[in-house]
Amino acid sequence: GLIELGPEKFESLDLDWSDKVVEHSQHDNAAVGKTLDALEAKSLDALRDALSECRDALVSKVRKATDFAALVNDLKRLPRFGAVEMEVRAMLDRAREAGSRDARREVRKGRQDFADSSFTPKAALRWLRATAFWVSGILGDRVLADVKGIILNGLKTGTAGSVMAEQIFDAFLPWLGDPDVIRDEQQLQPWRLETIVRTNTTTAYNHGRLTEFVDPEIARFVKGVRYSAILDTRTTEVCRFLDGKVFKPSDPNLEVLIPPLHHNCRSIIVPIVAGEQVKEDEFITPAQVGKARGLADAKFLTQTAAAWKAYTEEGEI
């Protein structure tokens, strides 16, 4: 059909754009990307194995059941789900520790007079345990709801237990993936589980970094914290907007907007070490904070000021 073009628009070229990309978006992102890849791969394999145990135990239970009404009433949680809970905790612990370690190394690289330390606020650890409990609950509840739905529907339609067992096995495929199952001309991938692993690995990794940046022994070497996004075709609007923005280390808005700000986010926060150059207009403004909050997925924003206290031992910075 007819294509109608609007009026031409002209603006000056930004000839220094490449320098800005190097400064803002290549802060050892390749190394960080490899770290996150390794963390995610290890957690994904471990959680897939743990969920497979749950599936096999559940399928066996369904095959042996004679009273499916009683089975669905007694099914409060997935069998052997303790292994999944343990792996979720381990996933978050590994990511937090890696974030803390990398943050200390980055500060040390910029300050030869930096004395290494390890700062792990008790409140931060409580946050980690609470997050692990929440993630495990979300994962378990969603799978359990699918399983109960299959059994209840089977009761309604008179489906044989062997058929229900096969349906339950298939219900785990979106979480576990299966190289032998082809859908839409592609191998079935565990997108749901990958999203949980990637998002929460990024959460714990940045959480570990922030606890280091506000450590009184380290904070005196850090003059700012920069939001660093991986800029590619998949970069979301909120991460593209925040990329390069700098926060004061004691700014509570840093905790509010700490990545991830959406599912599958892999942005990180990086230190600006005392002695490095940073322009005043690079620091984020209240108006920009408001815009970023509007662009972010609301589920990922910290809404309470009290949450900031989780990064200090006594609740003071």
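The values are calculated or read from the model by the stated rules, or taken from the named source; none is laboratory data. Everything numeric here is computed off the predicted structure, so don't read it as measured data. Backbone-built Cβ (ideal geometry, glycine too); neighbour counts: all protein chains shown. Each accessible area value is taken on the protein alone, full model and side chains, heavy atoms only, with ligands, DNA and RNA left out. Shrake-Rupley method; radii C 1.70, N 1.55, O 1.52, S 1.80 Å.
Of (1) open to solvent by less than 40 Å² (accessible area, probe 1.4 Å); (2) closer than 29 Å to Glu194 by Cβ; (3) not hydrophobic (A, V, I, L, M, F, W, C), Glu282 satisfies all except one. Which?
In the conditions (1) open to solvent by less than 40 Å² (accessible area, probe 1.4 Å); (2) closer than 29 Å to Glu194 by Cβ; (3) not hydrophobic (A, V, I, L, M, F, W, C), Glu282 misses (2) alone.
Report whether or not Asp74 is open to solvent by 40 Å² or more (accessible area, probe 1.4 Å) and modelled with pLDDT of 90 or more.
So Asp74 fits the description; yes.
Do the conditions hold for Lys248, that is, is it among the basic types (Lys, Arg), touching a residue at least 24 places away in the same chain (Cβ under 8 Å) and open to solvent by 50 Å² or more (accessible area, probe 1.4 Å)?
Judged against the criteria, Lys248 is a match.
Assuming Ile182 fulfils every condition listed in (1) open to solvent by 80 Å² or more (accessible area, probe 1.4 Å); (2) among the aliphatic types (A, V, I, L, M); (3) modelled with pLDDT of 90 or more apart from one, which condition is it?
Failing condition for Ile182: (3).
Within the set of pairs 6+ apart or on separate chains, which have a first residue in segment 185-196 that is modelled with pLDDT of 50 or more and charged (D, E, K, R), a second that is crowded, with 16+ Cβ neighbours inside 10 Å and not in a helix (DSSP H, G or I), and C-beta atoms under 9 Å apart?
Between residues of segment 185-196 that are modelled with pLDDT of 50 or more and charged (D, E, K, R) and residues that are crowded, with 16+ Cβ neighbours inside 10 Å and not in a helix (DSSP H, G or I), the close pairs are Glu194/Gly177.
Looking at Ala98, Ala69, Ala65 in this structure, which one is exposed (fewer than 15 other Cβ atoms within 10 Å of the Cβ), in contact (Cβ under 8 Å) with a residue 60 or more places away in the chain and touching a Leu at 6+ places or on another chain (Cβ under 7 Å)?
The unique qualifying residue is Ala69.
Across segment 132-163, which residue is modelled with the lowest pLDDT among those that are buried (at least 18 other Cβ atoms within 10 Å of the Cβ) and out of contact with any Leu (no Cβ under 9 Å at 6 or more places or on another chain)?
Among those that are buried (at least 18 other Cβ atoms within 10 Å of the Cβ) and out of contact with any Leu (no Cβ under 9 Å at 6 or more places or on another chain), it is Ser136.
Considering only residues that are closer than 16 Å to Ala103 by Cα and β-branched (Val, Ile, Thr), look in segment 251-273 and name the one that is surrounded by the fewest Cβ atoms within 10 Å (Cβ to Cβ).
Only one residue fits best here, namely Val273.
Among the residues of segment 120-129, is there at least one that is open to solvent by less than 20 Å² (accessible area, probe 1.4 Å), modelled with pLDDT under 95, in contact with a His (Cβ under 8 Å, 6 or more places away or on another chain) and in a helix (DSSP H, G or I)?
yes
Condition test on Asp49, is it within 25 Å of Glu194 (Cβ to Cβ) and at pLDDT below 90?
Spelling it out, it is not the case that Asp49 is within 25 Å of Glu194 (Cβ to Cβ) and at pLDDT below 90.
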